Amino acid sequence: NAEVLDSYGAEIKKRSSGRGVQRLRRLLNLKQTYPAGPFLAALAKALNYGLYDLSRLEKMIIEHVAGDFFRFPDEHD
């Protein structure tokens, strides 16, 4: 969702010294590195809780990716 990314980018910029170019580049790198679904899910969650640490955001994205990738069937399946 573009609105989530725009809102998060604006908050990163607001919380950075200067124009926040390095942090925005890192955010773009995360967007390009990870699948869109897990990236946006983690971004929305981080925005909801006011988390703007990009290292923490990356950990959240990885948790979403791992959850999708390593989903095991339930015992009842």
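The values are calculated or read from the model by the stated rules, or taken from the named source; none is laboratory data. Keep in mind that this is a model prediction, so the values were computed, not measured. FYI the Cβ positions are ideal-geometry reconstructions off the backbone, even for glycines, and counts take in every protein chain you see. Each accessible area value is taken on the protein alone, full model and side chains, heavy atoms only, with ligands, DNA and RNA left out. Shrake-Rupley method; radii C 1.70, N 1.55, O 1.52, S 1.80 Å.
Note on the chain: helix-only mean residue ellipticity at 222 nm, from DSSP H runs of 4+ residues weighted -39500 (n - 2.57) and normalised by residue number, equals -23500 deg cm²/dmol. Estimated at 0.36 nm per residue, the fully extended path between Leu28 and Ala44 surpasses their Cα-Cα distance by 4.2 nm. Summing Cβ point charges (Lys, Arg +1; Asp, Glu -1) relative to the Cα centre of the chain gives a dipole of roughly 780 debye. Once log10 I(q)/I(0) by the Debye sum over Cα atoms at q = 0.12, 0.21, 0.22 Å⁻¹ is calculated for the structure shown, the corresponding label among (1) -0.35, -0.88, -0.96; (2) -0.62, -0.97, -1.02; (3) -0.41, -0.88, -0.93 turns out to be (1). Heavy-atom accessible surface of the chain, averaged per residue, reaches 73 Å², computed with a 1.4 Å probe.
The modelled label-to-label distance between Ile62 and Glu11, using points 7 Å beyond Cα along the C-beta direction, is 2.2 nm.
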